[in-house]
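See structure below.
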Ligand code: IVH
């Protein structure tokens with residue numbers, strides 16, 4: 001199959017090239033869609049010809065299994081640490097020491113990336129190992145995780161027999177912000193800085209978790225090389241770059257220490273513009289022969305030093321605390337501060353993330369507090385300046401009632417967040433509605449975030465059940481709507497009244513209860529009323545329902561606002577009962593279906609629902625276990641596979657007959 005093999009190779013080379021342009025140079029040549037198309041073709045070819053799959057293929061970044069613990073790796077070369085200084089005098093002192101030992105003095109200055117030190121090993125151009133620094137001698141094997149980092153190539157441009165490099169895995173500032181926001185919303189502890197976030201993300205036993213965090217890497221040192229040679233650090237960096245490795249482009253050749261100092265001042269000013277956090281610069285002797293001569297102490301090389309920037313901290317006063325309810329119901333305390341300029345911007349507010357943190361740091365209203373910016377972006381209180389207390393300060397306590405709707409605030413076991421559990425809380429309403437209408441929940445076609453936004457702003461809905469009393473004319477008058485789309489929407493809302501019970505339970509957005517769990521629940525509880533007085537034991541007796549889920553269900557139904565809403569939904573005609581499981585209704589029991597192509601008489605979601613109502617199951621891919629493949633117009637590769645496997649194929653009419661429509 002030479003054609004397929006060469007096409008696969010061609011695609012891999014192209015994808016590698018574009019990964020480098022996108023993830024390292026930040027300068028893509030093609031659109032995301034073009035890239036996705038290449039990747040999709042490669043995935044398809046590899047699926048059809050698994051014999052051609054190799055570990056260095058860009059499709060194989062997430063392949064590692066979940067590990068029980070990390071294996072240890074003894075580094076072949078000690079990963080030394082760096083001496084550091086925080087003053088110009090310290091830099092000059094380093095220069096004097098170097099000059100006493102060698103006459104070959106010129107430097108390379110680099111940024112000191114605030115991340116996690118890593119050692120990478122490439123054999124014949126293929127990444128075979130990635131290990132953390134550990135104590136410098138023994139580190140942890142994080143190969144499976146590093147393979148998920150797109151800026152680290154799985155294959156080099158040349159097949160050098162052996163290359164061991166050192167670098168830094170870091171989390172870009174933007175990703176740090178996103179991740180902490182997500183953690184705050186989920187009621188989890190936030191990371192203190194991008195370095196901790198990078199370390200935490202790299203030390204995940206499941207590589208799929210690491211893959212979801214947009215980590216990146218830079219390499220800055222050759223530990224060992226076989227099959228090529230370099231004489232200077234500048235050459236080394238250029239060599240690494242030519243291999244497709246991510247080398248930070250801000251490095252600079254500095255003929256003397258004054259140039260190094262100038263570099264440090266320049267980047268001290270520019271550091272906020274960078275997309276990653278740095279905590280200083282690193283100065284390295286350029287000549288490798290001179291480095292050899294200088295050697296190292298037990299801890300660090302004599303040929304390099306880190307010049308660390310002073311931490312940016314300021315004192316200000318905590319005037320008050322504002323309590324906000326996030327879009328998912330998490331209650332977040334925000335500090336209102338006396339305005340100060342910090343790291344280039346005026347700061348007057350700072351998220352305190354959660355009340356545990358406030359307690360841990362013992363921050364009080366009226367305190368003089370020390371603030372900084374986590375990850376160079378998020379203003380944060382480091383802690384109170386206790387000596388400046390007057391005795392007038394007030395302790396900050398979590399609220400008992402939601403500031404937005406007055407519901408009782410609850411806290412789940414093992415979480416730091418306090419939450420409002422009222423699904424109709426004005427702070428949560430938009431999010432609740434988006435989820436309620438979503439495909440996996442009540443599947444209200446046409447009711448998306450933009451429309452919901454308008455309806456909430458215009459106060460057409462102030463609670464979920466208002467959806468069932470919307471006036472068509474009013475909807476028709478909204479932006480990008482008209483009489484036709486308004487009537488379609490009303491029809492879709494009307495149709496949602498007869499959804500099966502599990503969809504309604506899913507739509508309530510109860511924490512930890514997704515569609516799958518909701519379905520399991522309705523096998524045991526056939527009426528929503530059954531949940532009103534349910535006990536934890538009744539729930540945990542059900543296989544697959546754990547204590548966390550049980551707690552969540554009980555808390556949801558303990559909130560009176562939620563019960564009132566369900567009662568109003570009932571009154572509006574929304575189905576709250578499970579269809580009794582008679583023999584007739586269960587004609588498709590245990591049968592597995594795959595749908596391919598477009599059906600004329602219904603959407604796929606509707607077909608799925610019909611099958612499920614009759615006891616059947618719909619899966620995405622065809623296997624020997626599939627009982628029927630429903631073939632619509634323009635069927636895809638699933639159809640070919642069904643033919644290959646000899647699975648029963650139904651056209652749309654057969655299918656309609658089978659389900660009795
Ligand atoms: S060179 C033997 N260069 O800083 C010299 N280190 O405080 C090896 N770091 O453990 C280190 N950016 O993790 C070097 N451009 C850079 C760096 C850098 C960040 C880290 C590295 C090291 C730590 C020392």
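The values are calculated or read from the model by the stated rules, or taken from the named source; none is laboratory data. The model shown is predicted, which means the values in this text are computed figures rather than measured ones. Please note: Cβ atoms are built from the backbone with ideal geometry, for glycine as well, and neighbour counts cover all protein chains shown.
Screening residue 291 on (1) within 16 Å of the ligand (Cβ to nearest atom); (2) buried (at least 18 other Cβ atoms within 10 Å of the Cβ); (3) outside any helix (DSSP H, G or I) shows it passes everything except condition (3).
Output the residues belonging to the range 416-444 that are part of a loop (DSSP other than H, G, I, E, B) and surrounded by fewer than 18 Cβ atoms within 10 Å (Cβ to Cβ). Write out each step before concluding.
In the first step, residues of the range 416-444 are kept if they are part of a loop (DSSP other than H, G, I, E, B); the result is 416-417, 421-428, 438-444.
Result: 426, 438, 439, 440.
Among the residues of the range 151-167, those identified as in a loop (DSSP other than H, G, I, E, B), more than 16 Å from the ligand (Cβ to nearest atom) and buried (at least 19 other Cβ atoms within 10 Å of the Cβ) are 153, 154, 156. Using the structure shown, decide if residue 365 is at pLDDT 95 or above and closer than 22 Å to residue 171 by Cβ. Answer is no for this residue.
Can you name the residue in the range 299-318 that is away from the ligand (no atom under 13 Å from the Cβ) and exposed (fewer than 14 other Cβ atoms within 10 Å of the Cβ) and is also farthest from residue 367 (Cα to Cα) among such residues? Please lay out each step first, then the result.
Going residue by residue through the range 299-318, those that are away from the ligand (no atom under 13 Å from the Cβ) are 310-318.
With exposed (fewer than 14 other Cβ atoms within 10 Å of the Cβ) added as a condition, the list becomes 310-311, 313, 315.
Values: 310: 24, 311: 21, 313: 16, 315: 10 Å.
Only one residue fits best here, namely 310.
Considering the range 77-103, the residues that are away from the ligand (no atom under 16 Å from the Cβ) and assigned to a loop (DSSP other than H, G, I, E, B) include one that is surrounded by the most Cβ atoms within 10 Å (Cβ to Cβ), namely 102.
Counting only residues that are surrounded by 19 or more Cβ atoms within 10 Å (Cβ to Cβ) and either free of Cβ contacts under 8 Å to residues at least 12 places away in the same chain or within 16 Å of the ligand (Cβ to nearest atom) (or both), how many does the range 202-238 have? Write out each step before concluding.
Step one: filter the range 202-238 for residues surrounded by 19 or more Cβ atoms within 10 Å (Cβ to Cβ), giving 202, 204, 207, 210-211, 213, 215-222, 232-233, 236-237.
Now restrict to residues that are either free of Cβ contacts under 8 Å to residues at least 12 places away in the same chain or within 16 Å of the ligand (Cβ to nearest atom) (or both): 202, 215-222, 232-233, 236-237.
Selection size over the range 202-238: 13.
Hey, any hits in the range 492-515 for a residue that's at pLDDT below 95, surrounded by fewer than 19 Cβ atoms within 10 Å (Cβ to Cβ), under 29 Å from the mean Cα position of the chain (by Cα) and not in a helix (DSSP H, G or I)? Yes, the conditions are met somewhere in the range 492-515. Residue count for the range 270-288 under the criterion of being within 13 Å of the ligand (Cβ to nearest atom), touching a helix residue (DSSP H, G or I) at 6+ places or on another chain (Cβ under 9 Å) and in a strand (DSSP E or B): the result is 7.
Would you confirm whether or not the range 625-646 contains a residue that is within 30 Å of residue 535 (Cβ to Cβ) and without any contact (Cβ under 8 Å) to a residue 60 or more places away in the chain? So that I can check it myself, show each step before the final result.
Narrowing the range 625-646 to residues within 30 Å of residue 535 (Cβ to Cβ): none.
No, that holds for no residue.
Taking the residues in the range 122-138 that are more than 27 Å from the chain's Cα centre (by Cα) and either surrounded by 20 or more Cβ atoms within 10 Å (Cβ to Cβ) or not in a strand (DSSP E or B) (or both) as candidates, determine which candidate is nearest to the ligand (Cβ to nearest atom).
Here is the first cut: in the range 122-138, the residues more than 27 Å from the chain's Cα centre (by Cα) are 122-126, 135-138.
Applying the additional criterion that residues be either surrounded by 20 or more Cβ atoms within 10 Å (Cβ to Cβ) or not in a strand (DSSP E or B) (or both) yields 122, 124-125, 135-137.
Details: 122: 18, 124: 25, 125: 24, 135: 12, 136: 9, 137: 14 Å.
Out of the qualifying residues, it is 136.
Among the residues of the range 536-575, the one identified as buried (at least 16 other Cβ atoms within 10 Å of the Cβ), over 21 Å from residue 422 (Cα atoms) and under 30 Å from the mean Cα position of the chain (by Cα) is 545.
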